[in-house]
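What follows is one structure encoded as structure tokens, with my remarks underneath.
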Amino acid sequence: MDGAQWLASCHREPSEAYAAWEQSPYLAKLPAGRDWDALRVQQPLGLTVLWELGREADAVPVLEEHAKPRPVFYILTRPDVAYAPAWPETEDVRMLTAGEDLSMPSPDADGITGVRHHSFLWRTPPDGSGKLVDPGLLRTALESALDPGRQAERIRAARAVFWASKRHSH
């Protein structure tokens, strides 16, 4: 199963997802809460959450929406009602779950289609395995991303990597 097949299977009628991906605006509305939930975070915080996830972030489907006033990420996670009340609800953070839909392009879509017809693109598309980040792991990464002390630590680490690369490039 490839990424498009997996994502289409998350639709109530998979053939409708394929049909939506074939016509403008090339987006299918997919229901959260059954096969996946999505952590919606502002892009800067989303990048920090992905940093905190480490290697796990490489395989996590992440949808990016170029929304105003700034982009947002949707990080797909397994549905888990145990964490539902624990997610912070702020302007920067919101969990999409049962009863909500999210418009998604096909994982096979190119970025140019997204730019011309809608504001979504896959930063990391689903690979067809159905692998999603564990909600507990995502919750821990979010908490760490929101911690000011960890933020300073990440900045120091990023600077060290940057300066090390500068020393080796000469």
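The values are calculated or read from the model by the stated rules, or taken from the named source; none is laboratory data. Everything quoted here is computed from the prediction, not taken from an experiment. Please note: Cβ atoms are built from the backbone with ideal geometry, for glycine as well, and neighbour counts cover all protein chains shown. To get the accessible areas, we keep the full protein, side chains included, count just its heavy atoms, and leave off ligands, DNA and RNA. Shrake-Rupley method; radii C 1.70, N 1.55, O 1.52, S 1.80 Å.
As an exercise: evaluate residue 129 against (1) of a type in the set (Ser, Thr, Tyr); (2) closer than 17 Å to residue 47 by Cα; (3) not in a helix (DSSP H, G or I) and give the number of the one condition it does not meet.
Of everything listed in (1) of a type in the set (Ser, Thr, Tyr); (2) closer than 17 Å to residue 47 by Cα; (3) not in a helix (DSSP H, G or I), residue 129 misses just condition (2).
Please pick out the residue among 102, 76, 138 that is at pLDDT 90 or above, part of a helix (DSSP H, G or I), surrounded by 17 or more Cβ atoms within 10 Å (Cβ to Cβ) and of a type in the set (A, V, I, L, M).
138
Residue-by-condition table, conditions (1) under 30 Å from residue 24 (Cβ atoms); (2) among the small types (Gly, Ala, Ser); (3) at pLDDT below 80; (4) surrounded by fewer than 18 Cβ atoms within 10 Å (Cβ to Cβ):
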{"residue": "107", "(1), (2), (3), (4)": "yes, no, no, no"}
{"residue": "114", "(1), (2), (3), (4)": "yes, yes, yes, no"}
{"residue": "151", "(1), (2), (3), (4)": "no, no, yes, yes"}
{"residue": "168", "(1), (2), (3), (4)": "no, no, yes, yes"}
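Of these, 40, 34, which one is loosely packed, with under 15 Cβ neighbours inside 10 Å and either outside any strand (DSSP E or B) or within 16 Å of the chain's Cα centre (by Cα) (or both)?
Checking each option against the conditions leaves just 34.
Would you say residue 56 is among the charged types (D, E, K, R), part of a helix (DSSP H, G or I), farther than 16 Å from residue 37 by Cα and open to solvent by less than 60 Å² (accessible area, probe 1.4 Å)? I'd like the intermediate steps shown before the answer.
On the way: among the charged types (D, E, K, R): yes; part of a helix (DSSP H, G or I): yes; farther than 16 Å from residue 37 by Cα: yes; open to solvent by less than 60 Å² (accessible area, probe 1.4 Å): yes.
For residue 56, the condition - among the charged types (D, E, K, R), part of a helix (DSSP H, G or I), farther than 16 Å from residue 37 by Cα and open to solvent by less than 60 Å² (accessible area, probe 1.4 Å) - is met.
What pairs come up if the first residue lies in region 1-26 and is within 15 Å of residue 76 (Cβ to Cβ), the second is open to solvent by 60 Å² or more (accessible area, probe 1.4 Å) and in a helix (DSSP H, G or I), and their beta carbons are under 9 Å apart, counting only those six or more places apart or on different chains?
If the second residue must be open to solvent by 60 Å² or more (accessible area, probe 1.4 Å) and in a helix (DSSP H, G or I), the pairs left are 4/18; 8/15; 8/16; 8/18; 11/18.
Out of (1) under 23 Å from residue 141 (Cα atoms); (2) hydrophobic (A, V, I, L, M, F, W, C); (3) in a helix (DSSP H, G or I), the odd one out for residue 4 is which?
(1) is the only condition that residue 4 fails.
Within the bounds of region 106-114, is there any residue that is touching a strand residue (DSSP E or B) at 6+ places or on another chain (Cβ under 7 Å) and within 19 Å of residue 35 (Cα to Cα)?
There is at least one residue in region 106-114 that is touching a strand residue (DSSP E or B) at 6+ places or on another chain (Cβ under 7 Å) and within 19 Å of residue 35 (Cα to Cα).
Restricting to region 79-99, name every residue that is among the β-branched types (Val, Ile, Thr) and crowded, with 16+ Cβ neighbours inside 10 Å.
Correct list: 93, 97.
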